[in-house]
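Worksheet: one structure, shown below.
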Amino acid sequence: MQYVGIQTQQSRNNLRSLLLLCLFPVLVCVLTLMFCYLFVMVSEASNQPDVTLTQLAMSVFVQIAPYVLGGVLIWFIIAYFANTSIINSATGSQPLSRKENKRVYNLVENLCMSQGMKMPQINIINDDSLNAFASGINERTYTISLSQGIIEKLDDPELEAVIAHELSHIRNHDVRLLIISIVFVGIFAMLAQVAMRSAYYSSMSRKRDDKNGAALLMILILIVAAVGYFFSMLMRFAISRKREYLADAGSAEMTKNPLALASALRKISADPDIEAVHREDVAQLFIQHPGKQAKSALSGLSGLFATHPPIEKRIQVLEQF
């Protein structure tokens, strides 16, 4: 894999974050316009004489677009600044104090001092499985979360290597990009639910024999779902799987011990599942996917759009350092 410098990786992730921020309102407007057009088609308003469907759809769009964009903006602001609470709730992580585990704090502090980084917050996930992730959007919110199992079952060099991997994600600005993607995917899920509920209640007011209206209603729901799926695919393309290889290389650079991370990944791969994690967008934060993907990344096409590269390949690369 071609070497990418820290500054280059930071610049790339900053650019991707900016592109997502610019692309998002455009996609929201397109989705809203699609909804308006098809909603007019299945409603009685489409029977008005001397008025085209496009004109009716644009009229509805102009009326509701400010409310949709305003609601999305409010949702984004709340989710963006409350991301720490959202992530903690979705992963079951809780703050870990120095008194509870001086060993972890010493490892994190030593690595941060060697790299000139501000020490992030440290959280613990009360789960016996082995996994870890970094989160946050700035120095005030950067956090490294470790499972109880990974703390207890890895020796000091292995745990240090895992922590260095997560610090590399913070240093490379990967976590900021991931948090933005999680917020956006959540907003699209909300918009899809609103569209489906609106379509459902609209169908209740029509006659049962209105087969054409029912068919168009299904098209409306499918398009909303397709756009949401398309956006989630954009998230996965924007967030390259190379970030894991780069974080692995960053860990090897910090610790000067790539074999320690290889050994840690081998142990993690045996039991990465975190019971509290059910959301796919949150799962991509972890050092290894904490779900079924971890077991099927090499089979068929299941790994084509996987958020993590196969752990066996990561171990192989580390052993060749």
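The values are calculated or read from the model by the stated rules, or taken from the named source; none is laboratory data. Just so you know, these numbers come straight off a predicted model, no measurement behind them. Every residue, glycine among them, receives a Cβ derived from its backbone with ideal geometry; neighbour counts consider all protein chains shown. The area values use the complete protein model at the heavy-atom level, side chains included, leaving out ligands, DNA and RNA. Shrake-Rupley method; radii C 1.70, N 1.55, O 1.52, S 1.80 Å.
Return yes or no: is residue 114 over 27 Å from the mean Cα position of the chain (by Cα) and either hydroxyl-bearing (Ser, Thr, Tyr) or outside any helix (DSSP H, G or I) (or both)?
yes
Candidates are the residues of segment 1-38 that are in a helix (DSSP H, G or I), of a type outside the set (A, V, I, L, M) and open to solvent by less than 30 Å² (accessible area, probe 1.4 Å); the one that is modelled with the lowest pLDDT is 9.
Taken over segment 73-100, residues that are among the hydrophobic types (A, V, I, L, M, F, W, C), modelled with pLDDT of 80 or more and out of contact with any strand residue (DSSP E or B) (no Cβ under 7 Å at 6 or more places or on another chain) amount to 8.
Just one of the listed residues (228, 149) is at pLDDT 90 or above, open to solvent by less than 50 Å² (accessible area, probe 1.4 Å) and not hydroxyl-bearing (Ser, Thr, Tyr), and it is 149. Can you confirm whether residue 274 is among the hydrophobic types (A, V, I, L, M, F, W, C) and at pLDDT 75 or above? Taking the combined requirement at face value, the residue satisfies it. Of the residues making up segment 97-106, not a single one is surrounded by fewer than 20 Cβ atoms within 10 Å (Cβ to Cβ), part of a loop (DSSP other than H, G, I, E, B) and in contact with a Leu (Cβ under 8 Å, 6 or more places away or on another chain). Residue 85: in a helix (DSSP H, G or I), farther than 20 Å from residue 142 by Cβ, among the polar types (S, T, N, Q) and free of Cβ contacts under 8 Å to residues at least 12 places away in the same chain, yes or no? In short, no.
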